[in-house]
1. Tell me which residues, restricted to segment 21-42, are over 12 Å from Y54 (Cβ atoms) and either of a type in the set (G, A, S) or in contact (Cβ under 8 Å) with a residue 40 or more places away in the chain (or both).
2. Of all residues in segment 43-68 being in contact with a Pro (Cβ under 9 Å, 6 or more places away or on another chain) and free of Cβ contacts under 8 Å to residues at least 40 places away in the same chain, which is farthest from K8 (Cα to Cα)?
3. Does segment 39-63 hold any residues that are under 11 Å from V4 (Cα atoms) and of a type outside the set (K, R), and which are they?
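We did not get these values from a lab; they are worked out from the coordinates using the rules stated. This is a predicted model, so every value here is computed, not measured. Cβ placement follows ideal geometry from the backbone for every residue including glycine, while neighbour counts extend to all protein chains displayed.
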Amino acid sequence: MLIVYSKKNCPACDQAKKYLSTKHVDFSEVKIDEIPDARDFLLSRGHRSVPQIYKDDKLFVGSVAELISLPEQCLS
């Protein structure tokens, strides 16, 4: 399952979640502005923006553009 690290009032985060939902991809969301450890996790990995999407504890994609450009079979 994918984990979408996001925050409130983030249009890119909303776009990524909407895209995954329309493709019927299961994901969980972690809001970094509500969970300080999640924010620290992303910072420790060198990320300075959201959304960051992880799969199996590894970065899957780091932007909406990357997500949308993936072939659909990569999302299953």
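1. Correct list: S21, K23, V25.
2. Here the residue is V61.
3. V50, P51, Q52, I53, Y54, L59, F60, V61, G62, S63, listed by residue number.
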